[in-house]
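The values are calculated or read from the model by the stated rules, or taken from the named source; none is laboratory data. All values reported here derive from a predicted model rather than from experimental measurement. Backbone-built Cβ (ideal geometry, glycine too); neighbour counts: all protein chains shown.
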Amino acid sequence: MAGDTQTVSEYIVHHLTNLTYGKLPEGFERYDGSVIGAGGQWVMAHGGDEASAMGFNAIHVDSMIWSVGLGVIFCWLFRGVAKKAEAGVPSGVVNFCEMIVDFVDRTVKDTFHGNNKLVAPLALTIFVWVFLMNLMDLVPVDLIPHTLMLLGVEYHKIVPSTDPNITMGMALGVFILMLFYSIKVKGFGFVKELTLNPFNHPLFIPINLFMEVVGLLAKPFSLGLRLFGNMYAGEMIFILIAALFSAGVAWMLPAALMQVGWAIFHVLVITLQAFIFMVLTIVYLSMAHEDH
């Protein structure tokens, strides 16, 4: 619930602020009135103003911890399942993980038309990793931030996929693979694809190149921003509903019902967003392997 000393606006801003570490420039006045000395200073940001002043080199510590941690959990879980897998009838977690692997494998076979052993493991990693990051959205919005505030940690976000740095970073990785395989598979044909489509005439090369480059760059942006936008909106709704608890006793039951209802619906959203990110990755890599 929103704290007694916070307005609703302050409550929302607080829950949407990352734990940021970076270098404040020389002469910057901090929240407590102190001024950064010569050469700047590496500190944890206190509020959005300080995070903005840190610039591009600032690190969202909470997003890094949760994304890497969930990735480690994914690797540990599937490694353990792989070691336990045997010819008999699977059960429990082994059966569930095998269902996920079979589902991803069928999706790759139906969508990817090239010959690349990397695509299926990559698709599995993306699907499970993004799903786990999205799943953190179902943790009560006040539970971890308020617990960490008691330990002196002012800001903390636990849903990595609500951070555009994480989603765009993953999209950039997919984009680099697209370029790599486009050049590897098509060679000079990739240049012809960018310059002679859709108008197959030398006079239209500048126009073709402009349209193809814009379309190419739109792929990672749409991939990363789609995931970020959907998850950020979902987190915002959870926070707005949680803020209703501070509106009085009459709002507690409706707010609780709305939280449960949105959480149940959000299970579909987090799964669908992980699936879409995976499928688009497969489609883009399939396009990179198509040599006409």
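Brief remarks follow.
- Exactly one residue among 103, 96, 131 is buried (at least 17 other Cβ atoms within 10 Å of the Cβ) and of a type in the set (Phe, Trp, Tyr), and that residue is 131.
Here is a yes/no grid of residues against (1) of a type in the set (Val, Ile, Thr); (2) under 23 Å from the mean Cα position of the chain (by Cα); (3) under 20 Å from residue 228 (Cα atoms):
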{"residue": "238", "(1), (2), (3)": "no, yes, yes"}
{"residue": "246", "(1), (2), (3)": "no, no, no"}
{"residue": "251", "(1), (2), (3)": "no, no, no"}
{"residue": "255", "(1), (2), (3)": "no, no, no"}
{"residue": "261", "(1), (2), (3)": "no, no, no"}
{"residue": "265", "(1), (2), (3)": "no, yes, yes"}
{"residue": "270", "(1), (2), (3)": "yes, yes, yes"}
{"residue": "275", "(1), (2), (3)": "no, yes, yes"}
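- Here the condition is being within 21 Å of residue 122 (Cβ to Cβ) and surrounded by fewer than 13 Cβ atoms within 10 Å (Cβ to Cβ); of 180, 210, 228, 188, it holds for 180 alone.
- Any hit, region 284-291, residues being part of a helix (DSSP H, G or I) and either over 25 Å from the mean Cα position of the chain (by Cα) or among the basic types (Lys, Arg) (or both): yes
- Residues of region 71-115 satisfying the condition of being outside any helix (DSSP H, G or I) and modelled with pLDDT of 90 or more: 112
- Residue tally, condition in a loop (DSSP other than H, G, I, E, B), among the aliphatic types (A, V, I, L, M) and modelled with pLDDT under 85, over region 1-34: 2
- Residue list for region 57-67, filter: farther than 19 Å from residue 27 by Cβ and assigned to a helix (DSSP H, G or I): 61, 62, 63, 64, 65, 66, 67
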